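Here the structure is laid out as structure tokens; the discussion comes afterwards.
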Amino acid sequence: MSAVTDIIIIGAGPAGMTAAIYARRAAMSVLVLEAVSCGGQIINTPEIENYPAAAHISGFDFATKVYEQAKELGAQFRFERALSIRDGGAVKTVVTAKNSYDASAVIIATGSRNRALGLENEDRLVGRGISYCATCDGAFFRGKDVAVVGGGNTALEDALYLANIARRVYLIHRRDTFRGEEATVERLRARDNVTFVLNSRVTKLNAGKRLESIVTEDSEGNTRTLDVSGMFVAVGRVPENQPFSDLIELDSAGYAVTGEDCRTKTAGIFVAGDNRTKSVRQLVTATADGATAATAVAAGRLLQTSRKE
Ligand code: NAP
């Protein structure tokens with residue numbers, strides 16, 4: 001790899017790794033920087049059922065296959081958190097704690113992190129009854145009673161997954177209709193160990209060293225104590241754009257404002273995946289973004305080459 005890489009991709013989720021595949025197929029040098037581990041949030045999905053031609057594959061297996069594909073094509077991966085980007089015009093410098101890397105273009109595919117409920121003791125009880133990942137931690141609650149909070153696809157899928165492990169699952173949602181897919185709601189209704197707690201919010205966590213029970217309050221002010229030893233919070237995600245906010249425009253919720261071509265206000269800086277403004281955040285739209293952003297970088301290079309000739 002030369003001193004200036006063609007593209008640095010920040011984040012090895014489905015968007016970032018698909019961008020790496022498209023960039024390598026366009027013969028560009030590619031460095032992917034990943035802060036934690038490859039795969040992003042999809043690795044927490046027990047089973048993907050809505051990605052064309054890949055029904056019934058676990059999120060982990062899907063991510064592993066995409067990673068292997070990108071590696072086989074020659075993308076380089078380094079496990080370092082990108083802390084900032086310096087814009088030097090034709091050369092962008094991505095700074096990590098240990099190094100700095102130069103590139104002609106940067107694709108920010110950092111996705112998002114879990115949103116917390118903001119309750120007293122919530123932080124302290126993570127790993128002591130509170131979890132944001134049912135597939136990671138569900139097995140600790142075999143035969144026990146648990147709650148899932150949220151009404152999107154993540155909460156619904158978590159509740160379904162936990163219904164196979166826990167004795168009882170309380171699905172707590174602040175409204176009486178769900179944001180997630182009706183097909184999954186129907187599957188949950190068919191389970192006799194799933195109880196819907198609708199129009200309700202969790203207002204209190206009761207705990208000693210570990211979570212012992214939670215208090216919910218419905219829209220009429222009625223409270224209820226649920227004796228659960230586990231609470232899985234699935235109330236959406238917060239985009240990971242802050243370190244780059246000097247170079248990209250953010251909307252009021254923190255998402256990067258881009259067109260469908262993934263371009264930002266700074267030439268040579270692109271955003272792909274769940275951390276950009278869009279109406280549908282799905283695996284298929286994340287991978288589509290990766291392809292779009294890498295193709296836009298390749299098109300820009302072609303234009304520069306033909307101008308030089
Ligand atoms: P989401 O769709 O944004 O849903 C978040 C849920 O949490 C909503 O029901 C929301 O309630 C609720 N909520 C938000 N803040 C809350 C708070 N402070 N207190 C209580 N409830 C709160 O998030 P997600 O389920 O994580 O899904 C994110 C994206 O990934 C979505 O586009 C989803 O479709 C996608 N996804 C897809 C799959 C799949 O295709 N298999 C799987 C998982 C996720 P309201 O509804 O009242 O706003």
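Quick notes
- Placing a label point 7 Å from the Cα of Thr64 along the Cα-to-Cβ direction, the residues of segment 113-142 whose backbone N falls under 16 Å from that point are 136.
- Extending 7 Å from the Cα toward the beta-carbon at both Ser100 and Asn206 defines two label points whose distance is 5.6 nm.
- Ranked by the mean number of other Cβ atoms within 10 Å of their residues, highest first, the peptides 241-247, 227-233, 178-184 come out as 227-233, 241-247, 178-184.
- Largest first and in whole Å, the equivalent-ellipsoid semi-axes of segment 116-233 read 20, 17, 12, each the square root of five times a Cα gyration tensor eigenvalue.
- The P(r) of segment 1-154 has a tail past 18 Å containing 64 percent of all C-alpha pairs.
- Val148 long-range amide H proximity, modeled H, under 5 Å: Tyr170, Leu171, Ile172, Phe232
- For the chain, the membrane-span-like helix rule (DSSP H, alpha carbon extent of at least 18 Å along the helix axis, mean Kyte-Doolittle at least -0.5) picks out 283-308; this says nothing about an actual membrane.
- Packing, taken as the mean count of other beta carbons within 10 Å per residue, orders the peptides 250-261, 61-72, 99-110 from highest to lowest as 99-110, 61-72, 250-261.
- Isolated Cys residues of the chain, judged by Cβ distance under 4.7 Å to other cysteines: Cys38, Cys262
- Max-minus-min Cα coordinates of the chain on each principal axis give 73, 38, 32 Å, with the largest extent listed first.
- Segment 144-161 versus segment 45-89: alpha-carbon centroid distance in Å: 25
- In this structure, Phe79 and Asn222 have a Cβ-Cβ separation that, at R0 = 45 Å, corresponds to a calculated FRET efficiency of about 0.40.
Computed from the coordinates by the stated procedures, all read-outs in this text should not be read as laboratory data. Only a predicted model underlies this, so the values are computations on that prediction, with no experimental measurement involved. Every residue, glycine among them, receives a Cβ derived from its backbone with ideal geometry; neighbour counts consider all protein chains shown.
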